[in-house]
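In what follows, a structure is listed as structure tokens, so that the remarks can point back to it.
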Amino acid sequence: MNKTYILESRPVGAPTTENFKLTDTELRDLQDGEVLLKALYISVDPYMRGRMSDAKSYVAPYEIGKPIVGGVVAEVVESRSSLYPKGAVVIGGLPWQQYSIHSGQGLHRVDPDVAPLSYYLGILGMPGQTAYFGLLHIGKPKAGETVVVSGAAGAVGTVVGQLAKLKGCRVVGVAGSDEKVAYLKDQLGFDEAINYKTTPDLNAAMAQACPNGVDVYFDNVGGPISDAVLLFINKFARIAICGQIAYYNNTAPATGMRVEPILLKKSALMKGFIVSDFASEFGTATKELATWVREGKLQYQETVKEGFEQLPEAFLGLFTGDNTGKLLVKVADLGS
Ligand SMILES: NC(=O)c1ccc[n+]([C@@H]2O[C@H](COP(=O)([O-])OP(=O)(O)OC[C@H]3O[C@@H](n4cnc5c(N)ncnc54)[C@H](OP(=O)(O)O)[C@@H]3O)[C@@H](O)[C@H]2O)c1
């Protein structure tokens, strides 16, 4: 028998565990050309909230009664494919399933000797690439400039802040707990960090943290944090819109400050992006990120939940700030 999480219902507002259902299915025999995959690490990511709704977006919605699909690192435990031998480790968009049968198309092999396998779902995977391209290709930080990142203690934010430090910038992070603020300053070398949940005056905190204004804003969250940052942007500021998690559970379009006059007066650039826009350059980014990790120039933090059944709770934790660094679920050991 094989455990699978399917989408039971679409959330209205914040998702709950009721939206997911654990099912047991029998595995069929492998056919020629197929591999049997055992999930080792399963990623939970904020964009999956969008797929739980049926609104049109850049990825198709999950279907009711069908498995949730996301980033998974898996071991090939049986193979009738020429693409991957038994024992190979692969990454791909796979169902939330302990075992899955796959054609092998669209998967990528990963090397357990280069980095811990979980890294391929984080700093050496989609979130790391998101930080890399959003900051370096849109933010284009220059030494001495001030970079602000929201969602600073998460998977993307921790990499953004460290990359900006490597580029010689003053880095200010915004995050949701005192522990996260301490981690950003003491462990990752951020110059300043603000706890947006407890600061009595976000604008005053931003003014204090950014005495020379803001040249680059890497936005992971939107909402009142972004409103505060935008008040302090400098002439020719660059604003990379990476995520808007503050709105993902909204049931009506968000309203707020009009930003256009600020952008106009400051000749600023605001640009949204999806990491797949840069797919042709993923190889270069991963190589560079892996070098910086190996050289100790980039630190890496994970929040790992143990056990397949933890998946829904782990996912919900993204919206309550449960995680520091990349949030993921460990399902099995390699070779177990
Ligand atoms: N454009 C792309 O291609 C792309 C790719 C990957 C990710 N993203 C986006 O980037 C953002 C970060 O993703 P991630 O994977 O690194 O997730 P993450 O930051 O590791 O986890 C989400 C974090 O968001 C914060 N958060 C939750 N609700 C919030 C709210 N209402 N206001 C402010 N902060 C809130 C929480 O931290 P606190 O404790 O600080 O609240 C939580 O830990 C997300 O918006 C995601 O959708 C975009």
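The values are calculated or read from the model by the stated rules, or taken from the named source; none is laboratory data. Note that this is a predicted model, so its numbers are computed, not measured. Ideal geometry is used to build each Cβ from the backbone, glycine not excepted, and the neighbour counts take in all protein chains shown.
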Q.
Pull out all pairs, ordered by first then second residue, where Cβ-Cβ is under 6 Å, the residues are six or more apart or on different chains, the first lies in the stretch 263-285 and is in contact (Cβ under 8 Å) with a residue 12 or more places away in the chain, and the second is more than 16 Å from the ligand (Cβ to nearest atom).
A. 266/233; 266/235; 266/237; 267/235; 267/236; 268/233; 268/237; 270/263
Q) In this structure, does residue 18 turn out to be acidic (Asp, Glu) and in contact with a strand residue (DSSP E or B) (Cβ under 6 Å, 6 or more places away or on another chain)? A) no
Q: Quick one: which strands (runs of 3 or more DSSP E) lie wholly within the stretch 1-102 and hold at least 2 residues that are of a type in the set (Val, Ile, Thr)?
A: 2-7, 20-25, 35-43, 69-79, 89-95
Q. Name the residues in the stretch 153-196 that are basic (Lys, Arg) and touching a residue at least 40 places away in the same chain (Cβ under 8 Å), would you?
A. 170, 180
(Q) Quick check on my filter: what residues within the stretch 103-134 are part of a loop (DSSP other than H, G, I, E, B), more than 15 Å from residue 43 (Cβ to Cβ) and out of contact with any Lys or Arg (no Cβ under 9 Å at 6 or more places or on another chain)? (A) 103, 104, 105, 106, 111, 112, 113
Q) Here are 230, 163: which of them is buried (at least 20 other Cβ atoms within 10 Å of the Cβ), under 25 Å from residue 123 (Cβ atoms) and within 16 Å of the ligand (Cβ to nearest atom)? A) 163
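Output the number of residues of the stretch 139-159 satisfying the condition of being more than 9 Å from the ligand (Cβ to nearest atom) and either among the small types (Gly, Ala, Ser) or in a helix (DSSP H, G or I) (or both). Walk me through it before giving the result.
Step one: filter the stretch 139-159 for residues more than 9 Å from the ligand (Cβ to nearest atom), giving 139-149.
In the following step, the residues that additionally are either among the small types (Gly, Ala, Ser) or in a helix (DSSP H, G or I) (or both) were identified as 139, 143-144.
Summing the residues that are more than 9 Å from the ligand (Cβ to nearest atom) and either among the small types (Gly, Ala, Ser) or in a helix (DSSP H, G or I) (or both) in the stretch 139-159 gives 3.
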**Q.** Every pair of residues 6+ apart whose Cβ atoms lie under 6 Å, when the first sits in the stretch 233-252 and is within 15 Å of residue 48 (Cα to Cα) and in contact (Cβ under 8 Å) with a residue 60 or more places away in the chain while the second is within 15 Å of the ligand (Cβ to nearest atom) and small (Gly, Ala, Ser)
**A.** 242/134; 249/13; 249/14
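Per-residue answers, yes or no, for (1) modelled with pLDDT of 95 or more; (2) within 16 Å of the ligand (Cβ to nearest atom):
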| site | (1), (2) |
| --- | --- |
| 40 | yes, no |
| 49 | yes, yes |
| 58 | no, yes |
| 79 | yes, no |
| 97 | yes, no |
Q: Determine whether the stretch 196-216 contains at least one residue that is touching a strand residue (DSSP E or B) at 6+ places or on another chain (Cβ under 6 Å), within 16 Å of the ligand (Cβ to nearest atom) and in a strand (DSSP E or B).
A: yes
Q: Scan the stretch 169-182 and give yes if some residue there is more than 26 Å from residue 142 (Cβ to Cβ) and away from the ligand (no atom under 11 Å from the Cβ), otherwise no.
A: yes
Q: Could you please give the count of residues in the stretch 263-279 that are assigned to a helix (DSSP H, G or I), hydrophobic (A, V, I, L, M, F, W, C) and near the ligand (Cβ under 8 Å from one of its atoms)?
A: 1
Q | Unmet requirement for residue 55, which otherwise passes all of (1) surrounded by 14 or more Cβ atoms within 10 Å (Cβ to Cβ); (2) small (Gly, Ala, Ser); (3) touching a Pro at 6+ places or on another chain (Cβ under 8 Å) | A | (1)
Q.
Conditions first: (1) closer than 25 Å to residue 189 by Cα; (2) away from the ligand (no atom under 16 Å from the Cβ). Residue 306 passes all but one, so which condition is the exception?
A. (1)
(Q) When you check residue 282 against the structure, is it crowded, with 16+ Cβ neighbours inside 10 Å, among the aromatic types (Phe, Trp, Tyr) and within 13 Å of the ligand (Cβ to nearest atom), yes or no? (A) yes
